Amino acid sequence: MTSTVKEKLESTEKQPEDLIKELEQEIEDLTNRSSEVKPLSHTKDHLHFLQAFRSLKDPPHTRDWTTVKVRPPSYVGTLRRSLHQLEETLSMEMKKLHYAELKRVQHYEVDVTLDPDTASPWLILSEDGKQVHDGGVRQKLPDNPKRFTHYPCVLSRKIFPSRFYFEVQVKDKTARSLGVARESIERIGAIILTPETGYWTLYFNKDGFVFTDIPAVRLPLRAELQKVGVFVDYDEGLVSFYDVEARVHIYSATGCTFREPLYPFLYPGLYDYEGKNSAPLIISPVNQTD
């Protein structure tokens, strides 16, 4: 009995010690992360900022301390409060970084106009070439080798410099895809949207976000998504996507190999006869106000 009681006592004493060590390690990790993040938000070198931001590792994992039931010494309570403050500070710094990143890529805004010669016969384009939706009826259009024949897709009229950025309003869409595509993509018949076939695109439907690749990269659902920003750095092999309203980075395809001109690409999704996907995709001017 004495041995059992002694073991329980030692175990009870050891648990707070382990908690303290774990808390101290998390505080150290968060402090180091904060030191990495803070200077970036003040740099004015756009390219250096983007390279440094993409090189940052994921934020350090922290335990949900609200689930810990042990009654440790008051020192642990102090550590918990310090950890919570650090987590809040890091979260604010990361929000500032995401915002700073978005502001920097927005400086590379280009004026995108959609090309009716590439538009599928199922698509309806606005006169100014800024809006597109699936009209639900296949139109009789002249044959054109640039035209998508099967899927409702469309490209921009022209290519852009090695770094460019544009925004697309996706509000009220239940399915859509957007991004960039290389010049030599297949446009006749069925197509597969992957980097291997020349498409770097973000797809969304009721089940969530997907960067279309093999295998597909599934991303957290952003239910309130209204506008997507797309940034391309041709020389760096980078395609990035942003939630513009939330000022949050969604996903970046890195290490891409581009050997041909890239065109902005839109796929507004199939017409839903209940009217759930009838809203257009809209090329939107960039609002760079703070």
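General observations
- Net length available on complete extension from residue 188 to residue 158 is 8.8 nm, with 0.36 nm assigned per residue and the Cα-Cα distance removed.
- Residue by residue, region 200-207 carries 3J(HN,Hα) couplings of 10, 9, 10, 10, 9, 8, 4, 8 Hz when phi is fed to the Karplus relation 6.51 cos²θ - 1.76 cosθ + 1.60 (θ = phi - 60°); x denotes Gly or Pro.
- Cβ-Cβ distance of residue 126 and residue 248, R₀ of 30 Å, FRET efficiency by 1/(1 + (r/R0)^6): the value works out to about 0.55.
- Relative to one another, the C-alpha centroids of region 226-243 and region 125-144 are positioned 26 Å apart.
- Residues of region 115-206: accessible area per residue with a 1.4 Å probe, Å²: 49
- Heavy-atom accessible surface of region 180-290: percent carbon and sulfur, 1.4 Å: 49
- The slack in the chain from residue 113 to residue 219, taken as 0.36 nm per residue of separation less the alpha-carbon distance, amounts to 35.3 nm.
- If you plug the beta carbon distance of residue 141 and residue 25 into 1/(1 + (r/R0)^6) with R0 = 51 Å, you get a FRET efficiency near 0.20.
- Shown for region 108-154: the carbon plus sulfur share of the solvent-accessible area, taken with all protein chains present and a 1.4 angstrom probe, equals 52%.
The values are calculated or read from the model by the stated rules, or taken from the named source; none is laboratory data. Everything quoted here is computed from the prediction, not taken from an experiment. Virtual Cβ from ideal backbone geometry, glycine too; neighbours counted across all protein chains shown. The area values use the complete protein model at the heavy-atom level, side chains included, leaving out ligands, DNA and RNA. Shrake-Rupley method; radii C 1.70, N 1.55, O 1.52, S 1.80 Å.
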